[in-house]
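A.B. asks: Mind having a look at this structure? Questions to follow.
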Amino acid sequence: MKEFDVVIIGGGPGGYVAAIRAAQGGASVAVVEKDNLGGTCLNRGCIPTKALYYSAKAVSAVKKASEFGVNTGEVSFDITKAMARKDEVVTKLVKGIGQLFKGNGVELIKGKGIVTTPNKVKVIGEDGETEITAKSIIIATGSEPALIPAFNIDGEKVITSTEALNLKEVPESMLIIGAGVMGCEFATVYAKFGTKVTMVELMPEILQTEDKQIVRVVTKAFKELGVDIHLSVTVKSVETKDGKSVNFGPGDFVTFPKGLACVWDIKEPVR
């Protein structure tokens, strides 16, 4: 049985930063992670969305190039290449964390960690189960999209932010449920890719937790992009039939041909 000063369950921003800092302080440290290092931020959140945003920004800039006297001819967008670039960026950063672990003497243990006693963690990996002990245990398991039954999330027509980062084709239309930071980010990206985006938000305005001036700027940008925003809307259910995504709100019936109903901004802890 291996013994460590600190065992951290979860290799995301909370886990890997704590691990490196503890190791730099002289502690023996192990990180238990069942997936790639970097957690949601590097693999399914901040980094991949920013990579796609820069692809969207490039498309938008080229389309307006003639305004600056730059003639480019017909502009086309290849989402496959954009996704491949995004994957390269993510892979590079994930490997970087691995190198930081090696440089600071942090041991990575692949598998699912379960706290069995105040000082013991059982790790269930591909090669079976093992148990490690620690003076201190840090739980940094993060969160994942909440799979709300009423939304009938099937991963194809009704998807979460995770699937939206790996689409093979630019959808003709997209319904985004939730106009918080993530919802607005995806709305911007796909609207610039050429998707007709509609957003529905429970609160009376988008980006409810942000500064009012930011809300005004983003709202204006959405208007220019042709993004339709419906505020103070409670989504009761989402259904798919005949190749369409249908949203049933309070008194509303909205059909999106070849569309995708996307669920954002709704997270639950990883257990």
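The values are calculated or read from the model by the stated rules, or taken from the named source; none is laboratory data. Small disclaimer: the values here were computed from a predicted structure and weren't measured. Positions of Cβ are backbone-derived with ideal geometry, glycine not excepted, and every protein chain shown enters the neighbour counts. Surface areas here come from the heavy atoms of the whole protein model, side chains and all, with no ligands, DNA or RNA. Shrake-Rupley method; radii C 1.70, N 1.55, O 1.52, S 1.80 Å.
A.B. asks: Hey, any hits in the stretch 71-81 for a residue that's in a helix (DSSP H, G or I) and within 15 Å of the chain's Cα centre (by Cα)?
C.D. replies: No, because not a single residue in the stretch 71-81 is in a helix (DSSP H, G or I) and within 15 Å of the chain's Cα centre (by Cα).
A.B. asks: Considering only residues that are among the small types (Gly, Ala, Ser) and in contact with a helix residue (DSSP H, G or I) (Cβ under 6 Å, 6 or more places away or on another chain), which ones fall in the stretch 18-37?
C.D. replies: 23
A.B. asks: Return yes when residue 135 is within 29 Å of residue 87 (Cβ to Cβ) and touching a residue at least 60 places away in the same chain (Cβ under 8 Å) and no when it is not. Write out each step before concluding.
C.D. replies: On the way: within 29 Å of residue 87 (Cβ to Cβ): no; touching a residue at least 60 places away in the same chain (Cβ under 8 Å): yes.
No: the conditions fail for residue 135.
A.B. asks: Take the stretch 131-143 and flag every residue that is at pLDDT 95 or above and open to solvent by 50 Å² or more (accessible area, probe 1.4 Å). Don't jump to the end; show me each part of the working.
C.D. replies: Taking the stretch 131-143 and keeping what is at pLDDT 95 or above, we get 131-140.
Within the stretch 131-143, 131, 135, 136, 138, 139 meet the criteria.
A.B. asks: Could you tell me how many of the residues in the stretch 87-128 are under 24 Å from the mean Cα position of the chain (by Cα) and of a type in the set (Asp, Glu)?
C.D. replies: 2
A.B. asks: Residue by residue through the stretch 8-49, note down the ones that are open to solvent by less than 30 Å² (accessible area, probe 1.4 Å), outside any helix (DSSP H, G or I) and in contact with a Gly (Cβ under 7 Å, 6 or more places away or on another chain).
C.D. replies: Result: 8, 9, 10, 11, 12, 31, 32, 33, 37, 38.
A.B. asks: Which residue is farthest from residue 195 (Cα to Cα), if the candidates are limited to the stretch 50-75 and must be in contact (Cβ under 8 Å) with a residue 12 or more places away in the chain and open to solvent by less than 50 Å² (accessible area, probe 1.4 Å)?
C.D. replies: Applying the filter and picking the extreme gives 51.
A.B. asks: Can you name the residue in the stretch 144-174 that is modelled with pLDDT of 80 or more and polar (S, T, N, Q) and is also farthest from residue 230 (Cα to Cα) among such residues?
C.D. replies: Of everything passing the filter in the stretch 144-174, 166 is farthest from residue 230 (Cα to Cα).
A.B. asks: Out of the residues in the stretch 157-175 meeting the condition of being outside any helix (DSSP H, G or I), closer than 23 Å to residue 78 by Cβ and not charged (D, E, K, R), tell me which one is most open to solvent (accessible area, probe 1.4 Å).
C.D. replies: 166
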